[in-house]
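Report on one structure; see the data block that follows.
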Amino acid sequence: MKPLLLRINLILIMLIGFSVLAQAQRKKQRQEDKDTQAWRYEIEAVNTGVHGTYLIKVWSYSTSPNAAIEQSKKNAVHGIMFKGFAGSQGIPGQKALCPDPNVETVNEDFFKPFFSDGGKYMKFVNITNDGAVAAKDIIRMGKEYKIGLIVSVNVSALRKDLEDAGIIKSLSSGF
């Protein structure tokens, strides 16, 4: 009888442990989602990419350095779509693909799944340094981190996808 009770207690302890871990993971994911929904980031030009791509550095803010790395991908695509970036040192700046600030809220049914974890935005972005962040690009700011990551965004494919979805007009539509 004692071995049976011992097994039951062991199973209960394991289940409680897994439950606590799952709750912690959900809390962490909620914080990461909250960080992303605030769209707190900065973009700067780094270099000219191959034709149809932009090579940019995205500075993302988060309480977790790993979350900031993942969010940098979303932030890069979001920035290209809605903010654009200034040029620097002979690298031309770029205007936002969607200059109308209301586009995101009007087309929420498109953008919510687009920017969800593992969403369609992933097709248009690559981290150029395999997620390795230089020490100078990790800045501790109180309880959060500011992480700088160099990202390549396939703007040509992104533009085509937004045109096909009817979010933005084709470049040739006005001529």
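Every number in this text was worked out from the coordinates using simple rules, so none of it is lab data. All figures in this text were calculated on a predicted structure; none of them were measured in a lab. We place every Cβ from the backbone using ideal geometry, glycine too, and count neighbours over all the protein chains shown.
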What helix-only [θ] at 222 nm does the chain give? Using -39500 (n - 2.57) per DSSP H run of at least 4, over all residues, to the nearest 500, the answer is -14000 deg cm²/dmol
Simple spin-label estimate for Asn129/Asp100, 7 Å along Cα→Cβ, in nm, reads 3.8
Place +1 on the Cβ of every Lys and Arg and -1 on the Cβ of every Asp and Glu in the chain, take the dipole about the Cα centre, and give the residue among Gly90, Ile167, Ser60 whose Cα lies farthest towards its positive end.
Ser60
Could you give the length gained by full extension between Met122 and Met14, i.e. 0.36 nm per residue of separation minus their alpha carbon distance, to one decimal place?
35.3 nm
Label-point separation, Asn66 to Leu21 (7 Å along Cα→Cβ), nm:
1.2
Could you state the orientation-averaged shadow area of the convex hull built on the Cα atoms of segment 60-109, in nm² to one decimal?
4.7
Gaussian network model of the chain, Cα within-10 Å springs - most flexible of Ala67, Ala96, Ala134:
Ala134
Looking at the P(r) of the chain, how many percent of alpha-carbon pairs lie beyond 22 Å?
52
Go ahead and set up a Gaussian network model of the chain, Cα springs under 10 Å, then flag whichever of Gly93, Gly17, Gly52 fluctuates most.
Gly17
If you build a Gaussian network model of the chain, linking Cα atoms that sit under 10 Å apart, which residue out of Ile11, Ile127, Ile43 swings the most?
Ile11
